[in-house]
Amino acid sequence: MEPEVLVFLKRIAKSILLALVWLGITAAAAITGDHAFVGEHLTAANIIFYCWFVISLSALIYIYKRMWQKHL
């Protein structure tokens, strides 16, 4: 297999793996801890979860930008 194609496929696999790990961690924290759902009032756990969500999603997008801007 061509080296360029192999690098491209590794990048795709890494992107999918990062997304699945991020999604798994976030979904587990949201659903099992019941942090994503606001009940009668907003709690500190809800605020911490949503801060985690925004910061980690921003970091994931930043990692993707850096990963995919290489060798273009």
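Quick look at the numbers
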quantity	calculated
Of all residues making up segment 39-61, the number that are part of a helix (DSSP H, G or I) and charged (D, E, K, R)	0
Residue check for LEU17: open to solvent by less than 100 Å² (accessible area, probe 1.4 Å), among the hydrophobic types (A, V, I, L, M, F, W, C) and at pLDDT 95 or above	no
Single residue of segment 51-69 satisfying the filter (free of Cβ contacts under 8 Å to residues at least 24 places away in the same chain and open to solvent by 100 Å² or more (accessible area, probe 1.4 Å)) that is farthest from LEU6 (Cα to Cα)	ILE55
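The values are calculated or read from the model by the stated rules, or taken from the named source; none is laboratory data. Model, not experiment: these values are computed from the prediction. Glycine gets a Cβ as well: all are built from the backbone with ideal geometry, and neighbour counts include every protein chain shown. Just so you know, the surface numbers come from the protein's heavy atoms only, side chains and all, with ligands and any DNA or RNA stripped out. Shrake-Rupley method; radii C 1.70, N 1.55, O 1.52, S 1.80 Å.
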